[in-house]
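For reference, the structure is listed below as structure tokens.
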Amino acid sequence: MTSSEVRRQDADAALRLLCDGELELEGRLVDASNTTLRAILTLDGRTARCVYKPVRGERPLWDFPDGTLAGREVSAYLVSRATGWDLVPPTVLRDGPLGPGSCQLWIDEPDDADPLVGFVPAEAVPPRWFPVAAARDDDGAAYALAHADDPRLARLAVLDAVLNNADRKGGHVLVGADDRIYGVDHGVCFHVEDKLRTVLWGWAGRQLPADAVQVLDALAGQLAGELGEELAEHLTLGEVAEVGARVGRLRDTGRFPLPPQEWPAMPWPPM
């Protein structure tokens, strides 16, 4: 069995647990702007933690009047799964103690995991890291917001461009125990207008990796079929159409997008 087949089996098992497991709340993640709860799932003797975001706990957003943040979380997972990169943890829409909401597998980061994004002294940016913004601490010392030149992160940057992610903070990039990376918190994606805000600008304007071009080609076909139908359950038809349009533009240019000039290029706070 190949490693990709093993990952697919693991993901299928996680989806069964997320969909059908008994959900017991543990507590609330207080830093989140919307109601975000950690819970334990139990099914047939298996347990796992998850992040449960009930729709009833969502704060209205003037620029996302349609659909739900939970539906966008699920849609981001569906697109990630279709790429084969599996950069978004398994995520489903299900009922819970506070009503329907998104339920996403919890990712534990090992204590010794090396961060891939962060603030570093401006004169000591690590080798093979991209500085993307300048900053100063409370004492006036110069720092750089930077990220690693890592092919796993490059894939996430491509995915964010497809999703039109308006909130890719450094803290939304997790390193799992299996040395894979995961992107989380996709409630403000899929707008029909360009709203890409991210800390992963290190490849801006550079040529896309060859595997990304192949993935975009395949994604275009899937959007015209089953994937497009799945997304239409959570997004407007216009939003689904724009996913395809963004895929087409990325494929035509063959390059990572450039930071916008008309709106902030980075989320706040960036970490």
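The values are calculated or read from the model by the stated rules, or taken from the named source; none is laboratory data. Everything numeric here is computed off the predicted structure, so don't read it as measured data. A quick note on method: Cβ atoms are made from the backbone with ideal geometry, for glycine too, and the neighbour counts reach across all protein chains shown. Accessible surface is based on the protein model in full, side chains and every heavy atom, while ligands, DNA and RNA are left aside. Shrake-Rupley method; radii C 1.70, N 1.55, O 1.52, S 1.80 Å.
Screening the candidates Leu208, Leu174, Leu163 for the property of being in contact with a Gly (Cβ under 6 Å, 6 or more places away or on another chain), within 17 Å of Trp85 (Cβ to Cβ) and in contact (Cβ under 8 Å) with a residue 12 or more places away in the chain yields one hit, Leu208. If you go through region 222-248, how many residues are surrounded by fewer than 13 Cβ atoms within 10 Å (Cβ to Cβ) and over 21 Å from Pro65 (Cβ atoms)? So the count comes out to 4.
You will find that of Ala142, Ala157, the residue that is under 28 Å from Gln214 (Cα atoms) and either open to solvent by less than 20 Å² (accessible area, probe 1.4 Å) or among the hydrophobic types (A, V, I, L, M, F, W, C) (or both) is Ala157 and no other.
Taken over region 194-212, the criterion of being touching an Asp or Glu at 6+ places or on another chain (Cβ under 9 Å) and open to solvent by 50 Å² or more (accessible area, probe 1.4 Å) is satisfied by Asp194, Arg197. When we screen Ala76, Ala135 for residues that are in contact (Cβ under 8 Å) with a residue 24 or more places away in the chain, in contact with a strand residue (DSSP E or B) (Cβ under 8 Å, 6 or more places away or on another chain) and either open to solvent by 20 Å² or more (accessible area, probe 1.4 Å) or under 22 Å from Leu227 (Cα atoms) (or both), the only hit is Ala76. Of the residues that sit in region 160-193 and are under 19 Å from Thr68 (Cα atoms), assigned to a loop (DSSP other than H, G, I, E, B) and charged (D, E, K, R), which one is most open to solvent (accessible area, probe 1.4 Å)? By that ranking, first place goes to Glu193.
In region 36-57, the qualifying residues are those that are of a type in the set (Lys, Arg) and touching a strand residue (DSSP E or B) at 6+ places or on another chain (Cβ under 9 Å), and the one that is least open to solvent (accessible area, probe 1.4 Å) is Lys53. Checking region 179-194 against the condition returns a match, with at least one residue being of a type in the set (Gly, Ala, Ser) and within 18 Å of the chain's Cα centre (by Cα). Taking the conditions (1) outside any strand (DSSP E or B); (2) farther than 19 Å from Leu219 by Cβ; (3) touching a residue at least 60 places away in the same chain (Cβ under 8 Å); (4) open to solvent by less than 60 Å² (accessible area, probe 1.4 Å) in turn, Ala32 satisfies each one other than (3). Looking at Ala148, Ala113, just one residue is exposed (fewer than 15 other Cβ atoms within 10 Å of the Cβ) and hydrophobic (A, V, I, L, M, F, W, C), and that residue is Ala113. Taken over region 162-189, the criterion of being β-branched (Val, Ile, Thr) and closer than 19 Å to Leu219 by Cβ is satisfied by Val162 alone.
The residue list Leu61, Leu93 contains one member that is within 20 Å of Leu235 (Cβ to Cβ), modelled with pLDDT under 95, aliphatic (A, V, I, L, M) and open to solvent by 10 Å² or more (accessible area, probe 1.4 Å), which is Leu61. What number of residues within region 15-58 are among the hydrophobic types (A, V, I, L, M, F, W, C), modelled with pLDDT of 95 or more and over 15 Å from Arg94 (Cβ atoms)? Residues meeting the conditions: 0.
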